[in-house]
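Visitor: Dropping the structure in here first, questions after.
The values are calculated or read from the model by the stated rules, or taken from the named source; none is laboratory data. No experiment lies behind these values; they were computed from the predicted model shown. Reconstructed Cβ throughout: ideal geometry from the backbone, glycine too, with neighbour counts over all protein chains shown. The accessibility values were calculated without ligands, DNA or RNA, using every heavy atom of the protein model including side chains. Shrake-Rupley method; radii C 1.70, N 1.55, O 1.52, S 1.80 Å.
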Amino acid sequence: MKPSLRFALAALLVCLAQTAALAYMVLGRAAILRSGETVMLRTAPVDPRDLLRGDYVILSYDVSTVPASAISGAWPKEEGRQSLWVRLVKGADGVSTVSEAAFQPLPVLAGSVVAKSLPFDYWPSDTKSDQRVSYGIERYYVPEGEGRALETARDSETLTVAVSVGGDGTAQLRALYRDGTMVYEEPLF
């Protein structure tokens, strides 16, 4: 085989591998948005904002702080990276809150959704404390020039988000609502 033909074949294989990897990431996210269970979360104020990274809104949620009293089951005895499985239950206002959490998978129960936090550094202690967790939905990119209005809504606690949660607990932002009106929605492909 000629060297130029080998090079072209190798370049084609690299392009196909990159395309497949990107498609896998996009389709995985789209699958959660299409078939995941949707919950509403209230955002909480965050400060400061980094102006050098483009227009995005930093989001924090009431469910990002898991009370120690809500954590059931065994707590890890060793330090290291841990995840929490957090049961979310819809309140009377339609916004979900933490009803239970555990350091091991929680069973699926009717009327609730179980979200899995991203791994975080855990250090055991004699006193059990609230755990601060992230779900991978703490940053939302918006069209240029529109981030400030959403930050104002976030800071005045009138911004809520719809989040789809897959069967494995992975969360994806589905839509943003300001004063109950949808302002952004992710395409479902």
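Visitor: Could you count how many residues in the range 64-104 are over 18 Å from GLN172 (Cα atoms), in contact with a Gly (Cβ under 8 Å, 6 or more places away or on another chain) and not aliphatic (A, V, I, L, M)?
Guide: Here the count works out to 2.
Visitor: Please identify the pairs in which a residue from the range 1-12 that is modelled with pLDDT of 85 or more has its Cβ atom under 9 Å from the Cβ atom of a residue that is open to solvent by less than 100 Å² (accessible area, probe 1.4 Å), counting only partners at least 6 apart or on another chain.
Guide: Short answer, once both residue conditions are applied: none.
Visitor: For the range 163-189: of the residues being outside any strand (DSSP E or B) and of a type in the set (A, V, I, L, M, F, W, C), which is most open to solvent (accessible area, probe 1.4 Å)?
Guide: First pass over the range 163-189, keeping only residues outside any strand (DSSP E or B): 166-170, 179-180, 186-189.
From what's left, of a type in the set (A, V, I, L, M, F, W, C): 188-189.
Working: LEU188: 63, PHE189: 157 Å².
Applying the filter and picking the extreme gives PHE189.
Visitor: Same structure again: Scan the range 124-149 and report the pairs whose first residue is farther than 22 Å from ASP62 by Cβ and whose second residue is modelled with pLDDT of 90 or more and open to solvent by less than 50 Å² (accessible area, probe 1.4 Å), with Cβ atoms within less than 8 Å and a gap of 6+ or a chain change.
Guide: That search, which allows pairs on different chains as well, returns PRO124/TRP75; PRO124/PRO76.
Visitor: List the pairs whose first member sits in the range 161-172 and is closer than 16 Å to LEU106 by Cα, whose second member is of a type in the set (Ser, Thr, Tyr) and open to solvent by 10 Å² or more (accessible area, probe 1.4 Å), and whose Cβ atoms are under 6 Å apart, counting only residues at least 6 apart or on separate chains?
Guide: Here the result reads ALA171/TYR135, each pair linking the range 161-172 to a residue that is of a type in the set (Ser, Thr, Tyr) and open to solvent by 10 Å² or more (accessible area, probe 1.4 Å).
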